[in-house]
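A short reminder: the numbers here are calculations on the coordinates, not readings from a lab. Quantities reported herein were computed from a predicted structural model and do not represent experimental measurements. Please note: Cβ atoms are built from the backbone with ideal geometry, for glycine as well, and neighbour counts cover all protein chains shown.
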């Protein structure tokens, strides 16, 4: 069933690349969501991704009590990017964002960062997370990781009887900026990490191949890379008792949540655990609060997870 308000797909005039925006809902307020830039096998794969991600943003805003709806945008990379081509496709995307007249406000996502938001701002005012030296809040990785750590504390209390994961084995699948910050925030835990990029491997933490990350016998699994990783097949082989992570759209479909419950595995929905970045950014850039006040709002994820898991019992 079609749930979205709008889906717009364009071919950029400057770059010739495909760029799209999916607006899921503006019922609660202007829709917010990141701009993802990556290659896709087919345009239909990109459309599926942007539709699912935009719906997840609505759920994220609702769970966090943010007066915004959800949206997402995708830039489909179909050839090697030179600096000039990257700039052109970002400007093309800014043109598309402007067509929504403020109903969609973009931020960084996979493949984009604060410097890219600065390029968008050359054409559209509807972009968050500019570099701090340009008046923005910069990368949202820190607040996102902080929110996941808050969710982990609450979920650990429910599953293990203590918020402290000292001595527990934690597998982090996806060792990018957020995954690394989560690992460093879990002092005392036995950390095993995984990433498709072998250059991320260090001797500081244990390492496992990405294909094996979900099979490792562990206390906690933290999905911190791509979505669609928890499938019926994956669930059959899961070695963790608790799943909490920032990756968006972790389930291949909603029925997987039931399969996790049947196996007694506690899963904190990603739209709850990963909300720290959007909570912080909107607190700072829309509400004008200071850094510490915004972080306190992020820490509220801990109470939200307590409520969520308490209702399930």
- Taking 27, 38 and counting other beta carbon atoms within 10 angstrom, the fewest-first order is 27, 38
- Computed Rg/Rh of the chain, alpha carbon atoms with Kirkwood Rh: 0.96
- If you average 1/r over all unlike Cα pairs in region 58-130 and invert the result, what Kirkwood radius do you get in angstrom? 13.0
- Ranked from fewest to most other Cβ atoms within 10 Å of their own Cβ, 77, 66, 243 fall in the order 77, 66, 243
- Given the options 33, 107, 65, state which has the largest fluctuation in a GNM of the chain using a 10 Å cut-off (strictly under) for Cα springs. 65
- Task: Would you mind ranking 73, 194 by Cβ crowding within 10 Å, fewest neighbours first?
- Result: 194, 73
- Hey, what D do you get for region 78-214 in µm²/s if you plug the Kirkwood alpha-carbon radius into Stokes-Einstein at 20 °C and 1.002 mPa s? 123
- Query: In the chain, what % of DSSP beta bridges are antiparallel (nearest 5)?
  - Reply: 30
- Message: No solvent, one uniform scatterer per C-alpha: report log10 I(q)/I(0) for region 167-209 via the Debye equation at q = 0.19, 0.24 1/Å, two decimals.
- Response: -0.47, -0.75
- Message: Using a Gaussian network model on the chain with a 10 Å cutoff between Cα atoms, which of 82, 281, 11 fluctuates the most?
- Response: 82
- Hey, what's the Kirkwood Rh for region 22-70 if you take every pair of different alpha carbons, in angstrom? 11.1
- Query: Using a ≥ b ≥ c from the Cα gyration tensor of region 133-216 (square roots of the eigenvalues), is it rounded, prolate or oblate, where a/c under 1.5 gives rounded and otherwise the larger of a/b and b/c decides, a/b for prolate?
  - Reply: oblate
- Item | Between region 1-74 and region 199-237, the alpha-carbon center distance in angstrom | 27
- Query: How would you rank 285-291, 113-119, highest first, on the average number of other Cβ atoms within 10 Å across their residues?
  - Reply: 113-119, 285-291
- Task: Mind grabbing the base-10 log of I(q)/I(0) for region 129-170 at q = 0.22, 0.24 Å⁻¹? Debye formula, identical points on the C-alpha positions, no solvent, two decimal places.
- Result: -0.70, -0.77
- Message: For a distance above 26 Å, tell me the whole-number percent of Cα pairs in region 1-157 that qualify.
- Response: 25
- Query: So what is the relative contact order for region 160-313, in percent, with contacts set as C-alpha pairs under 8 Å and at least six apart?
  - Reply: 16
- What ratio of Cα Rg to 2.2 N^0.38 Å holds for region 167-238? 1.02
- May I ask you to derive the relative contact order of the chain, considering only C-alpha pairs under 8 Å and at least 6 residues apart, and to give it as an integer percent? 15
- Summing -39500 (n - 2.57) over every DSSP H run of at least 4 in the chain, dividing by its residue total and rounding to the nearest 500, the 222 nm mean residue ellipticity is -12000 deg cm²/dmol
- Query: What ratio of Cα Rg to 2.2 N^0.38 Å holds for region 207-313?
  - Reply: 1.20
- Task: Would you mind telling me which residue in 21, 110, 74 has the biggest mean-square fluctuation in a Gaussian network model of the chain, where springs connect alpha carbons within a distance under 10 angstrom?
- Result: 110
